[in-house]
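The values are calculated or read from the model by the stated rules, or taken from the named source; none is laboratory data. For clarity, every value in this text was computed on a predicted model and none was experimentally measured. Glycine also receives a Cβ, built like all others from the backbone with ideal geometry; neighbour counts cover every protein chain displayed. Areas reflect the complete protein model, heavy atoms only, side chains present, ligands, DNA and RNA absent. Shrake-Rupley method; radii C 1.70, N 1.55, O 1.52, S 1.80 Å.
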Amino acid sequence: MLNIAVASSSAAKGESLLDTVDNLLAMQVDGFILRHPEAGAAHLLARHLGEHAWVVNAGDGQHAHPTQALLDVFTLRRLAGPISERVVVILGDVLHSRVARALIHALSILGCPQIRVVGPRTLVPPELHSLGVHVWHELEPALAGANVVYALRMQRERMDAQRLPSLEEYHRRYGLTAARLRLAAPDAVVLHPGPMNRGVEISAEVADGPQAHILDQVTHGLALRMAVLARLAGGGA
Amino acid sequence: MTRRWLRHLRLIDPESGRDWQGDIAISEGRIVGLGEVPTDFVADEEIDGSGLVACPAFIETQFQAHTPGHGRNGDLESELRAAAAGGFGTVVLDPTCAPIADQPGVICEQQMAATTLGLLRVHSAAALTRELRGAQLSEMEALLRAGATVFSQGQRPVADSRILRLALSYAADLGRTVFLWPEDDSLAAGGVMDEGPLSLRLGLPGRPQAAEDIGVERDLRVAALAGARVHFPSLSSAQALTRVAAARRAGQAVSAGVSLHHLLLSTADIGHFNPHGKLLPPLRSQENREALGRALGDGSVQCLSVQHQPWGREEEGQTFVQAPFGIAAAEWTLPLALRLVDAGWIDLLTLLRLLTTGPAAVLGLPAPRLALDTPADICLFDPEAECIPTLQSFSRGRNHPYAGWPLRGQLRYLFVAGRLVHCSSPA
């Protein structure tokens, strides 16, 4: 297992991604786990490598984060029951979120009857319905009858880009508070991909409350990623 | 000079609309016999053109040859050879080179290089504003004296409307067409593809089609204020095209070009991050593509372009965001263009007009013709021969998405001023 951080690797000296990968391949590497700031980087790598090595997409820009989606649906199946019978609310900056995109795909494949995405139009544009989701811009009605509330991390850059007037206003309109959570189904499960901004997208009371299973996600994440690696590099057992 | 007798051809003259069988005799670079060639004509070379169509050589309004430039992405010779293989006898070099064509010296260098090569007729589009930044006017009169034919903003809009008005007013005095790149800069900023379902799915920043519609509306109004003749070399939005056509009908001096790529490809061709579908203006939706195709037949479009933008090997292997914009497919122009006929959008005569007399009018050049005592800029092509584009080509750019497409149409001979500049044997 080699850990290559871009800042200290040859990429900082101007080497291209594919050249870096070819160098590693020359060291008899079996596969790659790639996290990259640009959408499509893992696809580029996979096309380049073909049968020579496997690639795990560990997050590419705002495009996808498949292992996060796997651990999320694993968590939901364990804690919230069959996904084909659950209404899921995804709350926050869906537009810029690879976690949300991957989760939407996973939930759709597993037959989730209703995926609601909620947030201001600047972060949840109506066109998102093309991904097969219902788009809401008000939180309270969107929570009605929800079995799962998935809060996304709100990034400070969005404010700098004028997509939000302030994090305080965001919290007032879209923060997941205990009072709002009571609008959802009584046994609704709360998830968050971490790291959390307490007091922004989620109140401390909810984050630490009995309905939150955020630390379970972390535990499941470890197991799930071990399973992915075992599947790919498990020595043919 | 070689005297040539091109025999048994189907002759199509887009200017007159004539379509007939006959021969062409070329001497001293000009057409000296057409249809029935005098029996006393003595040729140094005879070419049997049975099954071939003869028409005036094509004209390209926006051609990137990276001249001057460092050569890794192609140079004038490699790219002109690609253009010749596509049927072009005349190209207009885009001002986006290194350095940018905003100094008379750059125009002189382009023209000298073209003369030295002696392949095609090469025109220079000079930068309308310094470094194409849209902040200061370039020395337009000096650029014209150096040999420029038109002014252009390359692929950069002039964001400041006041500067645009002044630049167009100044250019209007000089009587040349100005190529504008219509886009609302701030609305499009940072986008790498059309904003729509696919950009949302791929998580890529989008450029909304509305940015082009707004750009066209603003540019048309400012051009009317300034009294300038403007040309939009590559419109991608069918709505914007309709708006330009209405302005033209109302008497405004404006023309519209559309690239073959926007007529043949849509966002769907980007699929999973295919960088060869990364283009400016971006490829749009399938519905928009079909609307553009239908507009071809109703006279809304004055010229077609292959919008050649080659990128060499050093630019390969990048992520979609990093990859440069543009497609290099000049040498497949003829078979790609014939797809528009096969799609039922236009007939062959209209297609040839959009590649010859249309662009000539935009540029203010004399109409190319198949007529006696006109320059022998002629292409001969086999319209039925199979053609499957590859990535190996004359161009140094390998960035096009057409490899493996089953097409028809082979360019067999290209003459410029009577000189044979391209010839390919039947495959």
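Things to note:
- Selection count, segment B:124-139, where residues are touching an Asp or Glu at 6+ places or on another chain (Cβ under 9 Å), closer than 19 Å to B:VAL92 by Cβ and not β-branched (Val, Ile, Thr): 6
- Residue in segment B:114-137 that is touching a His at 6+ places or on another chain (Cβ under 7 Å) and open to solvent by 10 Å² or more (accessible area, probe 1.4 Å) present: no
- So A:SER108, is it open to solvent by less than 20 Å² (accessible area, probe 1.4 Å), within 14 Å of chain B (Cβ to nearest Cβ) and among the hydroxyl-bearing types (Ser, Thr, Tyr): no
- Extreme residue, least open to solvent (accessible area, probe 1.4 Å), among residues of segment A:16-29 that are within 14 Å of chain B (Cβ to nearest Cβ) and not hydrophobic (A, V, I, L, M, F, W, C): A:THR20
- Some residue of segment A:5-15 being out of contact with any Ser or Thr (no Cβ under 6 Å at 6 or more places or on another chain), modelled with pLDDT of 95 or more and away from chain B (no Cβ under 14 Å): no
- Residue check, B:LEU80 at pLDDT 95 or above and under 17 Å from B:ARG369 (Cβ atoms): no
- Pairs where the first residue, in segment B:211-224, is over 16 Å from B:SER169 (Cβ atoms) and the second is in a helix (DSSP H, G or I) and among the basic types (Lys, Arg), C-beta under 6 Å, 6+ apart: B:VAL216/B:ARG243
- Members of segment B:5-38 that are within 24 Å of B:LEU119 (Cβ to Cβ) and without any contact (Cβ under 8 Å) to a residue 40 or more places away in the chain: B:ALA25
- Among the conditions (1) in contact with a Leu (Cβ under 8 Å, 6 or more places away or on another chain); (2) modelled with pLDDT of 95 or more; (3) over 21 Å from B:SER305 (Cβ atoms), B:GLY358 misses just one, which is (3).
- Close pairs from segment A:124-139: first away from chain B (no Cβ under 11 Å) and of a type outside the set (Lys, Arg), partner assigned to a helix (DSSP H, G or I) and open to solvent by 20 Å² or more (accessible area, probe 1.4 Å), Cβ under 8 Å, at least 6 apart: A:VAL135/A:PRO126; A:VAL135/A:HIS129; A:LEU139/A:ARG173; A:LEU139/A:ARG180
- Within segment B:241-269, being within 14 Å of chain A (Cβ to nearest Cβ) and touching a strand residue (DSSP E or B) at 6+ places or on another chain (Cβ under 6 Å) holds for one residue alone: B:THR267.
- Residue satisfying all of: in segment B:247-285; farther than 30 Å from B:LEU225 by Cα and open to solvent by 40 Å² or more (accessible area, probe 1.4 Å); modelled with the lowest pLDDT among these: B:HIS272
- Here B:GLU386, B:GLU331, B:GLU315 are screened, and the one residue that is modelled with pLDDT under 95 and open to solvent by 20 Å² or more (accessible area, probe 1.4 Å) is B:GLU315.
- Here B:LEU391 qualifies as touching a Lys or Arg at 6+ places or on another chain (Cβ under 7 Å), modelled with pLDDT under 95 and surrounded by fewer than 22 Cβ atoms within 10 Å (Cβ to Cβ).
- Lone qualifier among B:HIS276, B:HIS308 - being within 14 Å of chain A (Cβ to nearest Cβ), in contact (Cβ under 8 Å) with a residue 24 or more places away in the chain and closer than 24 Å to B:LEU407 by Cα: B:HIS276
- Assessment of segment B:90-97 against the conditions (touching a Leu at 6+ places or on another chain (Cβ under 9 Å), open to solvent by 20 Å² or more (accessible area, probe 1.4 Å) and without any contact (Cβ under 8 Å) to a residue 40 or more places away in the chain) yields no matching residue.
- Top-ranked residue of segment B:313-335 - restricted to ones that are away from every other protein chain (no Cβ under 14 Å) and of a type in the set (Gly, Ala, Ser), ranked as nearest to B:ALA57 (Cα to Cα): B:ALA330
- Subset of segment B:149-184 (residues that are more than 20 Å from B:ASP94 (Cβ to Cβ) and either touching a Lys or Arg at 6+ places or on another chain (Cβ under 7 Å) or crowded, with 21+ Cβ neighbours inside 10 Å (or both)): B:SER161
- Within segment B:317-333, residues that are farther than 15 Å from B:LEU279 by Cβ have Cβ atoms under 6 Å from residues that are among the aliphatic types (A, V, I, L, M) in these pairs: B:GLY317/A:LEU18; B:THR319/A:ALA41; B:THR319/A:LEU44; B:GLU331/B:ALA82; B:GLU331/B:ALA85; B:THR333/B:VAL306, counting only partners at least 6 apart in sequence or on another chain.
- Scanning segment B:405-421 turns up no residue that is at pLDDT below 95, in contact with a helix residue (DSSP H, G or I) (Cβ under 8 Å, 6 or more places away or on another chain) and surrounded by fewer than 22 Cβ atoms within 10 Å (Cβ to Cβ).
- Segment B:13-58, subset assigned to a loop (DSSP other than H, G, I, E, B) and within 26 Å of B:VAL92 (Cβ to Cβ), residue most open to solvent (accessible area, probe 1.4 Å): B:GLU15
- Those residues of segment A:134-171 which are open to solvent by 10 Å² or more (accessible area, probe 1.4 Å) and among the hydrophobic types (A, V, I, L, M, F, W, C), in sequence order: A:VAL135, A:TRP136, A:ALA144, A:MET159, A:ALA161, A:LEU164, A:LEU167
- Failed item in (1) within 14 Å of another protein chain (Cβ to nearest Cβ); (2) more than 20 Å from the chain's Cα centre (by Cα); (3) buried (at least 20 other Cβ atoms within 10 Å of the Cβ); (4) on the phi < 0 side of the Ramachandran plot, with B:ASN288 passing the rest: (1)
- Number of the condition not met by B:LEU225 [criteria: (1) crowded, with 22+ Cβ neighbours inside 10 Å; (2) more than 14 Å from every other protein chain (Cβ to nearest Cβ)]: (1)
- Taking first residues from segment B:176-200 that are within 13 Å of another protein chain (Cβ to nearest Cβ) and partners that are polar (S, T, N, Q) and surrounded by fewer than 20 Cβ atoms within 10 Å (Cβ to Cβ), the Cβ contacts under 8 Å between residues at least 6 apart in sequence or on separate chains come to B:ASP194/B:SER285; B:GLY196/A:SER130; B:GLY196/B:SER285; B:PRO197/A:SER130; B:LEU200/A:SER130.
- A:GLY59 at positive phi, in contact with a strand residue (DSSP E or B) (Cβ under 6 Å, 6 or more places away or on another chain) and either open to solvent by less than 60 Å² (accessible area, probe 1.4 Å) or away from chain B (no Cβ under 11 Å) (or both): yes
- Only one entry of A:ASP72, A:ASP93 meets the criterion of being acidic (Asp, Glu), under 17 Å from A:GLY194 (Cα atoms), in contact (Cβ under 8 Å) with a residue 24 or more places away in the chain and within 14 Å of chain B (Cβ to nearest Cβ), and that entry is A:ASP93.
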